[in-house]
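Read-outs throughout are calculated quantities, based only on the coordinates presented, and are distinct from any laboratory measurement. What you see is a predicted model; the values in this text were computed from it and never measured. Positions of Cβ are generated from backbone atoms using ideal geometry, with glycine treated the same way; all protein chains shown enter the neighbour counts.
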There are 2 protein chains.
Amino acid sequence: MGPRWKGKGSEAKALADPMSKIVSQLKSTLIQSDSHGLLSGCSILLEVETEEQTELLNRACFGRPIVTAQKDKQWFQLGMEEAFYLYYNLKCLKIVGEGKCTKTEDELWNYMKSKRETFPDFLKAYTHLRTRNWVVRSGSQYGVDFIAYRHHPALVHSEYAVLVLSEGQGNANGRLRVWSDFQCTLRLCGSVAKTLLVLRIDRNSVGEDSPSCLESYSVEERTITRWSPEQSREDKTIASSQLL
Amino acid sequence: MGPRWKGKGSEAKALADPMSKIVSQLKSTLIQSDSHGLLSGCSILLEVETEEQTELLNRACFGRPIVTAQKDKQWFQLGMEEAFYLYYNLKCLKIVGEGKCTKTEDELWNYMKSKRETFPDFLKAYTHLRTRNWVVRSGSQYGVDFIAYRHHPALVHSEYAVLVLSEGQGNANGRLRVWSDFQCTLRLCGSVAKTLLVLRIDRNSVGEDSPSCLESYSVEERTITRWSPEQSREDKTIASSQLL
């Protein structure tokens, strides 16, 4: 299953305007305005300085715009992985907590881990895909962890439904342990024309003391599809293969 | 979501021909012919004596007909729960193992438990629905444990996608432990117009030494649906309710 572009010209548009360039522009403008996100539960709220920033956040698909009573101000709500990626990988966002104190790297890491036990693995998976220029969004609509788009969702349908499995912790997030879950997930992916991509994170016994641990984590990528005897005989479809 | 009958007249047909009567006719004919099923892995193979029996097995939805080289003989393949229900609850089927030895109740019980750890709970769920005249089939097509029909699948679409959860064993079959699995299962149920029915089996510390334990197991029934704020306000839909 290849990318399903939305209408004519979308593929050309995407090619002419690579995601790497959009993200790099976003990075520049956020650095320029010395942007600070505000920690609020499991979200990070970002007040946007210019219309250019709003546009770039939308084009790069980070967070989602939220409506407030302040008519002349635009806020964005970022997820934990998104915010940490902008903070730690792109180094274009600072994050403040209560009392407007800027959080240190370790404070932020420990806070997010405390909010969600699986945060280090989810962050590794998110980072793995984002650094390869996939657009990564929440998969809750389809009952998976993330969905991945080749380019902006306005141009192309999402290609992968992503599940993050944690190695060596007894599979912390508890998916795909039984056949019925496999069948359920595959049937759903089939009906919405996505391929199931399983990212298995192996922490390689490195622990999770600081974000630098992430560099030692490894990611095993597997796409999983139903094996159909007839189809496989005629198309030489491969049931499970490495990706990216 | 009520029953979705297949075409006009189906509901009347079902009413005129209740499932309880069909099953009772099947029971009589199997007793009359002293029927024996042959244990073969996780299946029980049943050689059918008369065309009437073939028809009744099909109408009552027990097992599925299998094609063999013997043109004049019809065989049916029964699942473990189906066969045990016919054997133990309806007392209309004997089961033989290798060497044509008739299995005792305990032998059969231990054999089936050894084939699938969750057998006692699945059997309890199957029996629970069958004794209430639901037609129960494998749910593997939808990634659930069973699907339940109000009457024969030729007359009505299946109403419930059934998941069996085991209480007190750390949820042996490992489903619905995380939100993403809930979302995945509900989204799939929605797209195939079924209601998710979760049967939670509580063994009440009785153990699983013999089939008589089943009588002490209790079954908690829950239907699970997505809660939609708009819909709930207008239709007074209840998110989770007792069933049957």
Using the beta-carbon distance between A:Thr102 and B:Val178 and R0 = 30 Å, what value does 1/(1 + (r/R0)^6) give for FRET efficiency, to the nearest 0.05? 0.35
Relative contact order %, chain B, counting alpha carbon pairs below 8 Å whose residues are six or more apart: 16 percent
Short version: what are the Cα gyration tensor semi-axes of the protein assembly as shown, square root of 5 times each eigenvalue, largest first, in whole Å? 52, 24, 23
Which percent, nearest 5, of DSSP beta bridges in the protein assembly as shown are antiparallel? 75 percent
Tell me the distances, shortest first, between B:Gly99 and the same position across the other copies, using label points 7 Å along Cα→Cβ, in nm to one decimal. 7.9
Per-residue Cβ counts within 10 Å, from other chains only, averaged over A:136-146: what number is that? 3
How much of the DSSP bridge set in chain B is antiparallel, in percent, rounded to the nearest 5? 75 percent
Sequence of A:Glu107, A:Glu221 once ranked by neighbouring C-beta atoms within 10 Å, starting from the fewest: A:Glu107, A:Glu221
To the nearest whole percent, what portion of all C-alpha pairs in segment A:96-138 is separated by more than 17 angstrom? 46 percent
Dividing the helical contributions, -39500 (n - 2.57) per DSSP H run of n ≥ 4, by the residues of chain B yields a 222 nm value, nearest 500 deg cm²/dmol, of -9500 deg cm²/dmol
Charge tally for neighbours of B:Leu155 with beta carbon under 13 Å away, counting Lys, Arg as +1 and Asp, Glu as -1, is +3
Once each part is reduced to its C-alpha centroid, what is the distance from segment B:21-62 to segment A:64-79 in angstrom? 66 Å
Reachable lysines, given that their alpha-carbon falls under 16 Å from the alpha-carbon of B:Lys94 and they are not under 8 places away in the same chain: B:Lys27, B:Lys103
Among A:Ser216, A:Ser35, A:Ser228, which one shows the biggest mean-square fluctuation in a GNM of chain A, springs joining Cα atoms closer than 10 Å? A:Ser228
In Å³ per residue, the alpha-carbon convex hull of segment B:1-116 encloses 145 Å³
Peptide-level mean, for A:184-196, of C-beta atoms on other protein chains within 10 Å: 4
Using the alpha carbon gyration tensor of segment A:75-147, what are the three equivalent-ellipsoid semi-axes (square root of 5 times each eigenvalue), largest first, in whole Å? 22, 14, 12
Could you state the number of Å between the C-alpha centres of segment A:197-216 and segment B:96-141? 43 Å
Expressed as a rounded percentage, what relative contact order does segment B:5-129 have, with Cα pairs under 8 Å and six or more residues apart? 24 percent
Which distances, in nm and shortest first, link the A:Ser40 label point to the same label point in every other copy, taking 7 Å along Cα→Cβ? 6.5
Please give, to one decimal in nm, the separation of the simple spin-label points placed at A:Asn89 and A:Ala69, each 7 Å out from Cα toward the Cβ. 3.7 nm
Taking springs between alpha-carbon atoms closer than 10 angstrom, which of B:Arg116, B:Arg130, B:Arg222 fluctuates most in the Gaussian network model of chain B? B:Arg116
Diagonalise the Cα gyration tensor of segment B:173-217 and give the resulting equivalent ellipsoid semi-axes, square root of 5 times each eigenvalue, largest first, whole Å. 30, 13, 7
Please arrange B:Leu176, A:Leu123 by counting, for each residue, the other beta carbons lying within 10 Å of its beta carbon, fewest first. B:Leu176, A:Leu123
Based on C-alpha coordinates, I'd like the Rg and Dmax of chain B, in Å. 19.0, 64
